[in-house]
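> Below: one structure in structure tokens.
No value in this document is a laboratory result; all are computed from the given coordinates. Keep in mind that what you see is a predicted model, and the values were worked out from it rather than measured. Ideal geometry is used to build each Cβ from the backbone, glycine not excepted, and the neighbour counts take in all protein chains shown.
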Amino acid sequence: MTDRVQAEEDVIRELERRRLRALVAADMAAAAPLHADDFQLITPIGMPLSREQYLGAIAAGQIKYTMWEPGVIAVRLHGSAAVIRYRARLEVIFQGHPVPPGEYWHTDIYERRDGRWMVVWSQATAIDQQ
């Protein structure tokens, strides 16, 4: 792996960490530019959410992350696209109801658009703790 590729992968890892911090803080000014206009999240229960639905629910307090701690973030870089995957521990309050803390796998697709990286697809899968 070249130093240039490693540096680009590190940029993507840091962007994902910055995105998570913004989502936990409900800082839409920081979070919005990191999400493409055509962003879509597939939640652990299989519900698709558009950028507007997802960020709007966070801004309105319907989704409130109280903790989102990512583990090691693996990156696969392919030109102007990158796939990341990591395991994370999350605590969230959904529509006023605390969800028990849990472990989740996250897979995200980033694309470089107009010279900057942004997330376009995201999928979270709950890890059965039994």
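> Hey, what do the phi angles of the stretch 103-118 turn into as Karplus ³J(HN,Hα) couplings, whole Hz, using 6.51/-1.76/1.60 and θ = phi - 60°, x for Gly and Pro?
Karplus-based 3J(HN,Hα) across the stretch 103-118 equals 9, 9, 8, 10, 10, 10, 10, 9, 10, 8, 10, 6, x, 9, 7, 8 Hz.
> Rounded to whole Hz and in sequence order, give me ³J(HN,Hα) for the stretch 74-86 from the Karplus expression 6.51 cos²θ - 1.76 cosθ + 1.60, θ = phi - 60°, writing x for Gly and Pro.
7, 10, 10, 9, 9, x, 8, 10, 9, 10, 10, 8, 7
> Given only helices, namely DSSP H runs of n ≥ 4 each adding -39500 (n - 2.57), what is the per-residue ellipticity at 222 nm of the chain, to the nearest 500 deg cm²/dmol?
-8500 deg cm²/dmol
> Sequence-distant or interchain residues sharing an amide H contact under 5 Å with Gln40, placed H: which?
The list, which skips near neighbours in sequence, is Trp121, Ser122.
> At q = 0.11, 0.15, 0.18 Å⁻¹, what is the base-10 log of I(q)/I(0) for the stretch 3-126 according to the Debye formula with one equal point scatterer per Cα and no solvent? Please give it to two decimals.
Ignoring solvent entirely, the Cα scatterers give -0.34, -0.65, -0.95.
> So, one more: Counting DSSP beta bridges in the chain, what percent are antiparallel, to the nearest 5?
Antiparallel bridges: around 90 percent, rounded to the nearest 5.
> Evaluate the distance, in nm, between pseudo-label points positioned 7 Å from the Cα of Ala7 and of Trp121 along their respective Cα→Cβ axes.
Simple spin-label model gives 3.0 nm for this pair.
> Right, something else. Taking Cα pairs under 8 Å and at least six residues apart, what relative contact order does the chain come out at, in percent?
23
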